[in-house]
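Asks: I am attaching a structure below and will ask some questions about it afterwards.
A short reminder: the numbers here are calculations on the coordinates, not readings from a lab. Values in this document were obtained by computation on a predicted structure and should not be read as measured data. Positions of Cβ are generated from backbone atoms using ideal geometry, with glycine treated the same way; all protein chains shown enter the neighbour counts.
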Amino acid sequence: MLTSILIATLVAASALAVASLRKVPEGQVYSVRRPGRSPRLLTAGTHLVLPLIDRVTHKIDLGGQVLRFEGGTVYWQVLEPEVVDEVIDEAPEMIRRNVVAALRDTATAHPADRRAAGTQLKHAVNGSLRARGMLVTRVELDAA
């Protein structure tokens with residue numbers, strides 16, 4: 001009887017120890033929230049978290065992201081994870097809206113030169129995205 005209680009306690013303690021370790025891969029940042037505290041960011045490596053109290057809310061990829069939209073492709077990345085954490089869930093839609101709006105505004109500037117139009121779109125969109133911790137690195141427009 002005492003042996004089974006001791007074994008159960010050791011198994012529970014081992015499970016708790018394993019659950020409290022969080023391994024963050026290279027090129028990612030995890031946002032961890034604890035009730036009553038501001039979020040903290042875990043960088044690449046192994047970290048201790050409190051199971052059932054700390055919650056990983058976002059896994060932010062610091063590498064390049066690809067976003068297709070009607071008319072082309074946008075390549076973007078996260079520069080400041082502490083800033084982008086608040087809007088990471090809406091980031092693809094925010095970028096898509098900004099690119100489509102900028103495309104509408106600059107549609108007649110370079111009708112034949114897709115590369116120049118893409119560069120112009122990139123600069124137009126980055127003006128608003130840099131404040132959100134993101135950067136568009138390239139915009140490729142589809143052939144008309």
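Asks: Can you give the relative contact order of the chain as a percent, counting alpha carbon pairs under 8 Å and 6+ residues apart?
Replies: 20 percent
Asks: When the Cα centres of segment 38-67 and segment 1-26 are compared, how far apart do they sit, in Å?
Replies: Rounded to whole Å, the Cα centres lie 22 Å apart.
Asks: Kindly provide the GluC sites (Glu not before Pro) of segment 1-105 that DSSP labels as loop, not H, G, I, E or B, and whose Cβ sees at most 11 other Cβ atoms within 10 Å.
Replies: Those that pass, being in a loop and sparsely packed, are E26, E70.
Asks: Can you compute the charge dipole magnitude of segment 27-144 about its Cα centre, using +1 on each Lys and Arg Cβ and -1 on each Asp and Glu Cβ, nothing else charged? Give it in debye, rounded to the nearest 20.
Replies: 160 debye
Asks: Would you mind computing, in nm to one decimal, how far apart the modelled labels at L50 and D105 are, each placed 7 Å from Cα along Cα→Cβ?
Replies: Spacing of the two 7 Å Cα→Cβ label points: 4.6 nm.
Asks: Let me ask something additional. Can you compute the FRET efficiency between E82 and L6 using 1/(1 + (r/R0)^6), with r the Cβ-Cβ distance and R0 = 35 Å? Round to the nearest 0.05.
Replies: Calculated transfer efficiency: 0.20.
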